[in-house]
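J.: I have a structure here, written as structure tokens, and I will follow up with some questions on it.
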Amino acid sequence: MPPTTARVDTAATSEDENFSYLPTPEETKYSSSPAYVHYTSNNTIYGTQFRAEPTPPKGVPLVCDASSDIFSKPIDVTKYDLIYAGAQKNLGPSGVVLVIAREDLIAKPVRDLPLMLRYNTHAKNESRYNTPPTFGIYMMGQVFKWILSQGGLKAMAVHNQAKAKLIYDVIDGSGFYRGVARAEDRSLMNISFRLPSEELEDKFIAEAASRGMDGLKGHRSAGGIRASIYNAFPPEGCRAFAEFMAEFEKKNG
Ligand SMILES: *Cc1c(COP(=O)(O)O)cnc(C)c1O
């Protein structure tokens with residue numbers, strides 16, 4: 001029997017600067033024979049996003065939690081062995097997970113797992129081994145049709161770049177707002193920034209809410225402001241938020 005606990009080696013971390021940047025390949029040190037390399041393509045809490053996949057040592061599977069940026073841009077699935085993504089950010093309602101896996105990787109479970117917990121059980125049964133969450137799957141189908149009607153993933157990337165730019169431009173042109181993530185690593189999905197004081201942050205959140213802009217409070221472990229602009233969030237919303245930011249700075253800066 002293989003062991004039931006696994007050793008986790010951290011190949012790279014930016015903990016030294018409160019996770020505000022992404023370590024470079026030069027700063028990444030893999031252990032001598034990893035079973036797989038795991039990374040999260042977009043960090044919703046601090047607002048960082050990988051521009052390119054890490055390159056694991058030759059022959060080592062690459063596994064990605066792509067929950068918060070899946071289908072926000074084209075994805076080269078040939079670089080991955082396993083991708084998983086909870087639906088609730090970019091794909092549809094909560095309760096469904098999209099998994100893209102290499103067939104030979106999931107053919108045999110790595111350890112003795114109950115049938116229901118094996119990816120292969122679901123792959124062999126076309127995701128209908130048990131009664132699937134039909135509503136969530138139907139909604140994901142509608143979202144996929146919407147993405148195609150927008151021009152597909154290439155077009156989503158262009159839309160998302162333009163949306164994020166509206167807000168980052170205000171931050172970059174301001175001495176009042178301060179972006180949390182290093183500019184070259186920052187996320188197109190979650191824009192995290194600070195104001196000069198927590199009092200001003202509370203005021204910002206309250207005034208934004210009074211104009212119908214809600215959910216701006218940063219994650220409990222990071223504080224500050226976080227604007228989440230997933231695929232479904234419209235450009236008009238980003239424009240309205242950017243205008244509000246500029247106005248708030250003028251009045252309070
Ligand atoms: C949101 C998210 C999850 C799932 O977290 P929930 O609390 O269940 O929404 C997992 N991984 C990543 C990268 C996420 O962004």
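J.: Under 9 Å between Cβ atoms, which residue pairs at least 6 apart in sequence (or on different chains) link something in region 41-53 that is within 17 Å of residue 82 (Cα to Cα) with a partner that is among the basic types (Lys, Arg) and within 11 Å of the ligand (Cβ to nearest atom)?
T.: Pairs that qualify, where the first residue is within 17 Å of residue 82 (Cα to Cα) and the partner is among the basic types (Lys, Arg) and within 11 Å of the ligand (Cβ to nearest atom), are 42/89.
J.: Any residue at all in region 125-148 that is in contact (Cβ under 8 Å) with a residue 12 or more places away in the chain, loosely packed, with under 12 Cβ neighbours inside 10 Å and over 23 Å from residue 64 (Cβ atoms)?
T.: Yes; the residues of region 125-148 include at least one that is in contact (Cβ under 8 Å) with a residue 12 or more places away in the chain, loosely packed, with under 12 Cβ neighbours inside 10 Å and over 23 Å from residue 64 (Cβ atoms).
J.: Working only within region 19-45, note down all residues that are farther than 12 Å from residue 63 by Cα and in a strand (DSSP E or B).
T.: 42, 43
J.: Can you tell me which of 61, 93, 56, 23 is free of Cβ contacts under 8 Å to residues at least 60 places away in the same chain, more than 16 Å from the ligand (Cβ to nearest atom) and closer than 27 Å to residue 225 by Cα? Can you show your working first?
T.: Details: 61 fails: closer than 27 Å to residue 225 by Cα; 93 fails: more than 16 Å from the ligand (Cβ to nearest atom); 56 fails: closer than 27 Å to residue 225 by Cα.
Being free of Cβ contacts under 8 Å to residues at least 60 places away in the same chain, more than 16 Å from the ligand (Cβ to nearest atom) and closer than 27 Å to residue 225 by Cα holds for just one of 61, 93, 56, 23, which is 23.
J.: In region 209-239, what residues are out of contact with any strand residue (DSSP E or B) (no Cβ under 9 Å at 6 or more places or on another chain), part of a helix (DSSP H, G or I) and surrounded by 15 or more Cβ atoms within 10 Å (Cβ to Cβ)?
T.: The one that is out of contact with any strand residue (DSSP E or B) (no Cβ under 9 Å at 6 or more places or on another chain), part of a helix (DSSP H, G or I) and surrounded by 15 or more Cβ atoms within 10 Å (Cβ to Cβ): 237.
J.: Got at least one residue in region 1-10 being within 14 Å of the ligand (Cβ to nearest atom) and in contact with a Ser or Thr (Cβ under 8 Å, 6 or more places away or on another chain)? Break it down stepwise before answering.
T.: Looking only at region 1-10, we keep the residues that are within 14 Å of the ligand (Cβ to nearest atom), and these are none.
No, region 1-10 contains no residue that is within 14 Å of the ligand (Cβ to nearest atom) and in contact with a Ser or Thr (Cβ under 8 Å, 6 or more places away or on another chain).
Where a number appears in this text, it was derived from the coordinates with a stated rule and is not lab data. Owing to the predicted nature of the structure, the values given are computational and were not obtained by experimental measurement. For neighbour counting, all protein chains shown are included, and Cβ atoms are generated from backbone atoms with ideal geometry for every residue, glycine included.
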